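S.K.: Before anything else, here's the structure in question.
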Amino acid sequence: MEFQTPTGTVAAVNEFSLTLQPGETVALVGESGSGKSVSCLAVMGLLPPSGLISSGSILFNGEDLLSFDSNRRRRVRGKDIAMIFQEPMTSLNPVFRVGNQIAEATQVASGAGKVDSMKRAKELLDLVRISDAESRLKNYPHEMSGGMRQRIMIAMALAGKPSVLIADEPTTALDVTVQAQILELLADIQKEMDLAMLFVTHDLGVVAGIADRVCVMYAGQKVEMGGVNEVYERPLMPYTAGLLSSVPRLMRTGRSDRLTTIPGSSPEPGTHRTGCAFAPRCTYVQDICREGPIPLLTQQSREARCIRLDDLSLA
Ligand SMILES: Nc1ncnc2c1ncn2[C@@H]1O[C@H](COP(=O)(O)OP(=O)(O)O)[C@@H](O)[C@H]1O
Ligand SMILES: [Mg+2]
């Protein structure tokens, strides 16, 4: 996945694959700029015109979404695969009442008429645990708190009863208590609706309670994937270990109390490199890490892009 920019083509994501099973939550984690959002937008078919998927496929129930024309793609987006974004204010229209906006999302997703879609809007508010739905539907977005607006966005995303929900940093803009409430809500809804959820975050701390598996991205590549408990207990990739050591101890067990950060910064997009992208920041780097491209290696059901996978003990 690359972008055409005034200074040339910049690769944003490569070597990335992910499978979501019905009813499971996968967390997609990585520092800012690692390619999480563009990966989600690619799945949604919402990349900006400068973004190009040069190879690969996006399979949904066995069909490649990349082969769909724009109408068919739009139907998938309105119905089967839905997405919520970090900042709900930018996605809500400030001049329309939220009830009308949810009703419209319902109409688009299901073709329901005006009366039915208003009824459905009320049901959706119940689903996202907004009480006093009748009067809330008459509110404008600015009359609501950030957490409430995010609930509205979730309601709109669920209007078409999707089977896949992509949540791109849905709680990042919210304060901590509200963040916890939204996480709980998403976890409940995921179970109730048996959704396959891709939960995107830069914060491994929020992953523990919500995800079954975690996929770690670094510089546009998948660098580690595995069950949340396994990865937390024993990361296989030094980058994941670094991310984990900056998570407060409460979220983990048996780890030191000190918060650490990973020294250095992730490579500029489009940087040409041989070898491991994380090598310049890695405590465990050896000459061999800088030589060829590093493949994704497997260990039982886990994957990690680290050639020292078997000889490092990162717990
Ligand atoms: N519209 C765009 N034009 C050019 N480059 C972009 C554009 N959007 C994203 N990128 C680049 O793609 C990379 C991944 O971005 P993004 O997916 O937003 O990261 P994340 O969500 O992990 O923080 C970044 O290096 C970013 O600079
Ligand atoms: Mg992002």
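The values are calculated or read from the model by the stated rules, or taken from the named source; none is laboratory data. Fair warning: this is a prediction, and the values are worked out from it, not measured in the lab. Cβ: placed from backbone, ideal geometry, glycine included. Neighbour counts: every protein chain shown.
S.K.: Among the listed residues SER55, SER39, identify the single one that is free of Cβ contacts under 8 Å to residues at least 40 places away in the same chain, of a type in the set (Gly, Ala, Ser) and either surrounded by fewer than 17 Cβ atoms within 10 Å (Cβ to Cβ) or within 13 Å of ligand 1 (Cβ to nearest atom) (or both).
M.R.: Working: SER39 fails: free of Cβ contacts under 8 Å to residues at least 40 places away in the same chain.
Sole residue among the options that is free of Cβ contacts under 8 Å to residues at least 40 places away in the same chain, of a type in the set (Gly, Ala, Ser) and either surrounded by fewer than 17 Cβ atoms within 10 Å (Cβ to Cβ) or within 13 Å of ligand 1 (Cβ to nearest atom) (or both): SER55.
S.K.: In the list MET225, MET217, which residue meets the criterion of being within 16 Å of ligand 2 (Cβ to nearest atom), among the hydrophobic types (A, V, I, L, M, F, W, C) and buried (at least 16 other Cβ atoms within 10 Å of the Cβ)?
M.R.: On the way: MET225 fails: within 16 Å of ligand 2 (Cβ to nearest atom).
Step by step, each of MET225, MET217 is checked, and only MET217 is within 16 Å of ligand 2 (Cβ to nearest atom), among the hydrophobic types (A, V, I, L, M, F, W, C) and buried (at least 16 other Cβ atoms within 10 Å of the Cβ).
S.K.: Oh, and also: Suppose the filter is within 16 Å of ligand 2 (Cβ to nearest atom), in a loop (DSSP other than H, G, I, E, B) and either of a type outside the set (Phe, Trp, Tyr) or free of Cβ contacts under 8 Å to residues at least 40 places away in the same chain (or both); does GLY33 pass it?
M.R.: Yes: the conditions hold for GLY33.
S.K.: Tally time: how many residues in region 71-117 are free of Cβ contacts under 8 Å to residues at least 40 places away in the same chain and in contact with a Ser or Thr (Cβ under 6 Å, 6 or more places away or on another chain)?
M.R.: Count: 4.
S.K.: Looking at region 1-25, which of its residues are assigned to a strand (DSSP E or B), more than 7 Å from ligand 1 (Cβ to nearest atom) and in contact with a helix residue (DSSP H, G or I) (Cβ under 9 Å, 6 or more places away or on another chain)? Let's see the steps before the verdict.
M.R.: Residues of region 1-25 that are assigned to a strand (DSSP E or B), as a first pass: 2-5, 8-11, 25.
From the residues that got through so far, the ones that are more than 7 Å from ligand 1 (Cβ to nearest atom) too are 2, 4, 8-9, 11, 25.
Within region 1-25, THR25 is the sole residue that qualifies.
S.K.: Hey, could you check region 161-202 for residues that are touching a residue at least 40 places away in the same chain (Cβ under 8 Å) and either among the polar types (S, T, N, Q) or on the phi > 0 side of the Ramachandran plot (or both) and say which is nearest to ligand 1 (Cβ to nearest atom)?
M.R.: My answer is GLU169.
S.K.: So, of the residues in region 40-86 that are within 14 Å of ligand 2 (Cβ to nearest atom) and touching a Gly at 6+ places or on another chain (Cβ under 9 Å), which turns out to be nearest to MET156 (Cα to Cα)?
M.R.: Let us first name the residues in region 40-86 that are within 14 Å of ligand 2 (Cβ to nearest atom), namely 40-44, 46-48, 51, 83-86.
From what's left, touching a Gly at 6+ places or on another chain (Cβ under 9 Å): 41-42.
Values: LEU41: 17, ALA42: 20 Å.
For region 40-86, the residue satisfying everything is LEU41.
S.K.: Six or more apart or on different chains, Cβ under 8 Å: which pairs go from a residue in region 141-157 that's in a loop (DSSP other than H, G, I, E, B) to one that's modelled with pLDDT under 95? Could you list them?
M.R.: SER145/VAL178
S.K.: When you go through (1) among the hydrophobic types (A, V, I, L, M, F, W, C); (2) part of a helix (DSSP H, G or I); (3) at pLDDT 90 or above one by one for ILE307, which number turns out not to apply?
M.R.: ILE307 satisfies all of (1) among the hydrophobic types (A, V, I, L, M, F, W, C); (2) part of a helix (DSSP H, G or I); (3) at pLDDT 90 or above except (2).
S.K.: What is the residue count in region 173-209 for residues that are under 17 Å from LEU28 (Cα atoms) and buried (at least 19 other Cβ atoms within 10 Å of the Cβ)?
M.R.: Residues of region 173-209 that are under 17 Å from LEU28 (Cα atoms), as a first pass: 183, 186-187, 190, 195-209.
With buried (at least 19 other Cβ atoms within 10 Å of the Cβ) added as a condition, the list becomes 183, 186, 190, 195-201, 204, 206-207.
Residues flagged as under 17 Å from LEU28 (Cα atoms) and buried (at least 19 other Cβ atoms within 10 Å of the Cβ) within region 173-209 amount to 13.
S.K.: With the checklist (1) part of a loop (DSSP other than H, G, I, E, B); (2) within 13 Å of ligand 2 (Cβ to nearest atom); (3) modelled with pLDDT of 95 or more in hand, flag the one item LEU28 doesn't pass.
M.R.: In the conditions (1) part of a loop (DSSP other than H, G, I, E, B); (2) within 13 Å of ligand 2 (Cβ to nearest atom); (3) modelled with pLDDT of 95 or more, LEU28 misses (1) alone.
S.K.: Of the conditions (1) surrounded by fewer than 15 Cβ atoms within 10 Å (Cβ to Cβ); (2) within 25 Å of PHE60 (Cβ to Cβ), LYS119 clears all except one; give me its number.
M.R.: With respect to (1) surrounded by fewer than 15 Cβ atoms within 10 Å (Cβ to Cβ); (2) within 25 Å of PHE60 (Cβ to Cβ), LYS119 is out only on (2).
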